[in-house]
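This report concerns only the one structure given below.
The values are calculated or read from the model by the stated rules, or taken from the named source; none is laboratory data. Keep in mind that this is a model prediction, so the values were computed, not measured. With ideal geometry, Cβ positions are generated from the backbone for all residues, glycine too; neighbour counts draw on all protein chains shown.
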Amino acid sequence: MDQEQNTAPTRRTLGGWLLIAVPYLWLLILFLAPFLIVLKISLSEVAVAIPPYLPTFDLAEGWAGFTESLSQLSFENYIWLTEDDLYWKSYLSSVVIAGISTILTLLLGYPIAYGMARSPQAWRPTLLMLVILPFWTSFLIRVYAWIGILKNEGLLNQLLLFLGVIDEPLVILNTNIAVYIGIVYSYLPFLVLPLYASLERLDGSLLEAAEDLGCPPWKAFWNVTLPLSLPGVIAGCFLVFIPAVGEFVIPDLLGGSNTLMIGKTLWVEFFNNRDWPVSSAVAVILLLILVIPIVLFQNQQQKMSEKNG
């Protein structure tokens, strides 16, 4: 009996380690390994060859060649990013467009998620399916559909002209407004779903208690519902903001030539200029811009949780 009691915790501990190892292995294969490859290319020199770069690290030379390469590291590609204002303007413009799009998505998505969470239980699966329904169609086709809606002779202008709201077609396509519309439409489900999950788990007795204490509905929402839904709000905003910063398809198809985003700049460097080292450096900096604030935020949240606990 004692032997069984001693081996049971060991088995559970081993099973726990195996369970934890699976996501770490997944991140190692699908995130860390590709990132190291991109980082390696970013430290290389451009060349007229296939592939179009001279690798800094050559594993065929063994450990001696690796250590020699470390002593000859060159960060010229990263220095070039600071010298050309195109890149920092692209980063800044991408963050601004993604931030504004995230705020617009939150303003539109919160009422949708709140209405879904407060709807009758029998209606919720149907409403949830309607939110997920756009994913049944190709992302590229949905973006192309917005071209037909937003162009000068598109459906939106025809409807507004028919209703007499405008006298001449509005210029929406090939502007930043079209980019905002495309991002909000495309990423709206990513904000609604986690927010709905947070609101749906909300204890209704808390609102009843607030009403019994004489709290008006709007004040109960502000003091009870909104604070308790913040985890869903934060998760949804991250799911919208992070991919929106590096978005390429939407600004390329709906935005104009003046729409500057880092995704378009990266594509031009990689395919048009065939400058793989510089484009890899752009990708590394973009990843750091996105990852570092998230890590700092998670550490702050963990410290707050430990302090409150």
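Points worth noting:
- The stretch 242-289 - residue that is acidic (Asp, Glu) and under 24 Å from residue 48 (Cβ atoms) and, of those, surrounded by the fewest Cβ atoms within 10 Å (Cβ to Cβ): 275
- Conditions (1) crowded, with 20+ Cβ neighbours inside 10 Å; (2) more than 26 Å from residue 252 (Cβ to Cβ); number of the one not met by residue 192: (2)
- Options 226, 206, 202, 213; residue that is at pLDDT below 90, under 20 Å from residue 105 (Cβ atoms) and surrounded by fewer than 18 Cβ atoms within 10 Å (Cβ to Cβ): 226
- Selection within the stretch 156-169 - hydrophobic (A, V, I, L, M, F, W, C) and either within 27 Å of residue 138 (Cβ to Cβ) or surrounded by 18 or more Cβ atoms within 10 Å (Cβ to Cβ) (or both): 156, 159
- The residue that is farthest from residue 180 (Cα to Cα), among those in the stretch 135-159 that are in contact (Cβ under 8 Å) with a residue 40 or more places away in the chain and out of contact with any Phe, Trp or Tyr (no Cβ under 8 Å at 6 or more places or on another chain), is 135.
For every residue, the table says whether it meets (1) of a type outside the set (Phe, Trp, Tyr); (2) over 20 Å from residue 243 (Cβ atoms); (3) at pLDDT 90 or above.
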position: 116; (1), (2), (3): yes, yes, yes
position: 123; (1), (2), (3): no, yes, yes
position: 130; (1), (2), (3): yes, yes, yes
position: 139; (1), (2), (3): no, no, yes
position: 142; (1), (2), (3): yes, no, yes
position: 147; (1), (2), (3): yes, yes, yes
position: 167; (1), (2), (3): yes, yes, no
position: 173; (1), (2), (3): yes, yes, yes
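- Of the residues in the stretch 172-185, at least one is assigned to a loop (DSSP other than H, G, I, E, B), surrounded by 13 or more Cβ atoms within 10 Å (Cβ to Cβ), without any contact (Cβ under 8 Å) to a residue 24 or more places away in the chain and of a type outside the set (Phe, Trp, Tyr).
- Among the residues of the stretch 107-147, those that are farther than 17 Å from residue 186 by Cβ, outside any helix (DSSP H, G or I) and among the polar types (S, T, N, Q) comprise 119, 121.
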